[in-house]
Amino acid sequence: AQSVAQPEDQVNVAEGNPLTVKCTYSVSGNPYLFWYVQYPNRGLQFLLKYITGDNLVKGSYGFEAEFNKSQTSFHLKKPSALVSDSALYFCAVRAGSGAGSYQLTFGKGTKLSVIP
Amino acid sequence: DAGVIQSPRHEVTEMGQEVTLRCKPISGHDYLFWYRQTMMRGLELLIYFNNNVPIDDSGMPEDRFSAKMPNASFSTLKIQPSEPRDSAVYFCASSPAGTVQPQHFGDGTRLSIL
């Protein structure tokens, strides 16, 4: 079975500072990894994905994520946080192939608060 | 592109009543997913369809829940009879074919069972 852990329920960061939201995963075979963001009363919005290749993936709104196979991690990063980045962030994993490969397993989410 | 459209956005009803949630996926998307989001359990996959056919319904909580997709542009999730523990936000998502494709979410239906 595949699983995702987001060890921090909440992350607070000052505006302009770099931010990191942590994610570790467990899956059989090669992982496909995703980050989504959710604003209040809205659905999840896709930010970026890792399929294969370069371990540093760039996505929407200046976000990027680093895939680390040995640590089974896929941390979300941004060099300079904005107040508008405050939201709930979800990491998700999907098996690369085989049964259940269309199913996304989500982490519990991390609430990011950017303080002006 | 109108995105995934869900209706109603909010539903409040009494225990025992039938509840029907509706979803219109993005045109051309082959996959449709129903999720439930609660504070306690997070985001749970209930069921997903491929080309209107249910592929995996192992996440459906119990027989009170049913989902249909009569055509490529419409799906329903029905709860009958509803119970207070069904209160949650229900999301529909769709994606094109291909395991690398991200899912596109609707804005959800906030369901409250009194």
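Charge tally for residue B:110 (other residues, Cβ to Cβ under 10 Å; Lys, Arg +1; Asp, Glu -1): -1. Per-residue shielding of B:43-52, expressed as the average number of other chain Cβ atoms within 10 Å of the residue Cβ, stands at 2.
Taking the Cβ-Cβ separation of residue A:30 and residue A:66 as r and a Förster radius of 25 Å, what is the calculated FRET efficiency to the nearest 0.05? Given R0 = 25 Å and the Cβ-Cβ separation, E is 0.90. Applying the criteria of a DSSP loop state and at most 12 other Cβ atoms within 10 Å to the trypsin sites (Lys or Arg not before Pro) of the stretch A:51-89 yields A:69.
Backbone geometry of the stretch B:109-114 corresponds, through the Karplus equation with coefficients 6.51, -1.76 and 1.60 at θ = phi - 60°, to 3J(HN,Hα) couplings of 10, 8, 9, 10, 10, 8 Hz, x marking Gly and Pro. Shielding by partners for peptide A:34-46, expressed as the average number of C-beta atoms from other protein chains within 10 Å of each residue's C-beta, is 5. Straightening the chain between residue B:22 and residue B:9 buys 3.7 nm, computed as 0.36 nm per residue apart minus the Cα-Cα spacing. Under 8 Å for C-alpha pairs, at least 6 residues apart: give me the relative contact order for chain B, rounded to a whole percent. It rounds to 37 percent for chain B. What net charge is computed for the residues neighbouring residue A:5, neighbours being all others with C-beta under 12 Å from the C-beta of residue A:5, Lys and Arg scored +1, Asp and Glu -1? Surrounding charge for residue A:5 is 0. Spin-label pair residue B:68-residue A:115: with each label point 7 Å from Cα along the Cα-Cβ axis, the two points sit 5.4 nm from one another. The HN-Hα couplings worked out from phi for the stretch A:42-47 by the Karplus form 6.51 cos²θ - 1.76 cosθ + 1.60 (θ = phi - 60°) are 10, x, 6, 10, 5, 9 Hz, whole numbers, x standing for Gly and Pro.
The relative contact order of chain A, computed from alpha carbon pairs under 8 Å that lie at least 6 residues apart in sequence, is 37 percent.
Note on exposure: A:51, B:5 ranked by accessible area (1.4 Å probe, complete protein assembly) read B:5, A:51, with the most exposed listed first. Between the stretch A:50-116 and the stretch B:65-102, the alpha-carbon centres lie 24 Å apart. Identify the chymotrypsin sites (Phe, Trp or Tyr not before Pro) of the stretch A:1-87 meeting these criteria: DSSP loop state and at most 12 other C-beta atoms within 10 Å of the C-beta. Taking the stretch A:1-87 and a limit of 12 other Cβ atoms within 10 Å, no loop chymotrypsin sites (Phe, Trp or Tyr not before Pro) are found. Straight-line cross-link partners of residue B:24 among the lysines, defined as a Cα under 16 Å from its Cα and at least 8 positions apart when in the same chain: B:68, B:78. Seen through its C-alpha gyration tensor, with square-root eigenvalues sorted a ≥ b ≥ c, chain A comes out prolate because a/c lies at 1.5 or above while a/b is bigger than b/c.
The values are calculated or read from the model by the stated rules, or taken from the named source; none is laboratory data. Since the structure is predicted, the reported quantities are computational estimates derived from the model, not experimental observations. FYI the Cβ positions are ideal-geometry reconstructions off the backbone, even for glycines, and counts take in every protein chain you see. Remember, those area values only see protein heavy atoms, side chains included, never the ligands or the DNA or RNA. Shrake-Rupley method; radii C 1.70, N 1.55, O 1.52, S 1.80 Å.
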